[in-house]
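What follows is a set of notes on a single structure, which appears directly below.
The values are calculated or read from the model by the stated rules, or taken from the named source; none is laboratory data. Owing to the predicted nature of the structure, the values given are computational and were not obtained by experimental measurement. All Cβ positions, glycine included, derive from the backbone under ideal geometry; neighbour counts span all protein chains shown. In case anyone asks, the SASA skips ligands and DNA or RNA and just uses the protein heavy atoms, side chains included. Shrake-Rupley method; radii C 1.70, N 1.55, O 1.52, S 1.80 Å.
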Amino acid sequence: MIAVDTNILARFYCDDPEDTEAQRQRPIARRVMVESPSLFVPLTVILEFEWVMRGFYNAEPASFCQALEHLLGMPHVTVERWQSVKDALGLHLRGLDFADALHWASSSGCERLVTFDDRGFARRARRLELTPEVELAR
């Protein structure tokens, strides 16, 4: 089994025709993603991949979620904490920031998730009636 970094996922899922380096790397990323017998994607790579798609490629949440659903469906790919990632995708499509959704999904066995300043996260979690609750530390 080999692990892949964020840039492999970005080159595999994001077409960047203006970037000659990306054009050169895309076939290599495709070969790694399709021809490797067994791949591992760390949770941190998933989080960074969302940031790259949103921040660099201006991808909408639905595009990111579609890419991740594809990745989760590849039979030779193991995504670390895949169930948390899958749960986070659903919450992301319902309006939560992906990082917040992943934090929440990874905390599902806890009494609550506490934050200092993320009022938006706490408000959206309440609206979605998430358990454990997200509360502001006081």
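Key figures
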quantity	calculated
Members of the stretch 81-105 found to be open to solvent by less than 70 Å² (accessible area, probe 1.4 Å) and in contact with a strand residue (DSSP E or B) (Cβ under 9 Å, 6 or more places away or on another chain), listed by number	VAL85, ASP100, TRP104
Hits in the stretch 57-87 - residues which are outside any helix (DSSP H, G or I), within 19 Å of ASP16 (Cβ to Cβ), touching a residue at least 40 places away in the same chain (Cβ under 8 Å) and not small (Gly, Ala, Ser)	TYR57
Boolean, PRO27 is farther than 26 Å from GLN83 by Cβ and modelled with pLDDT of 95 or more	yes
In the stretch 33-42, residue least open to solvent (accessible area, probe 1.4 Å) [restricted to those that are in a helix (DSSP H, G or I) and closer than 13 Å to LEU71 by Cα]	MET33
Test result for ALA22, of a type in the set (Gly, Ala, Ser) and either more than 23 Å from LYS86 (Cβ to Cβ) or part of a helix (DSSP H, G or I) (or both)	yes
Condition check for GLU21: open to solvent by 20 Å² or more (accessible area, probe 1.4 Å) and modelled with pLDDT of 95 or more	no
Any hit, the stretch 47-56, residues being out of contact with any helix residue (DSSP H, G or I) (no Cβ under 6 Å at 6 or more places or on another chain) and either among the acidic types (Asp, Glu) or at pLDDT below 95 (or both)	yes
Per-region count, the stretch 106-138, residues in a helix (DSSP H, G or I) and buried (at least 16 other Cβ atoms within 10 Å of the Cβ)	5
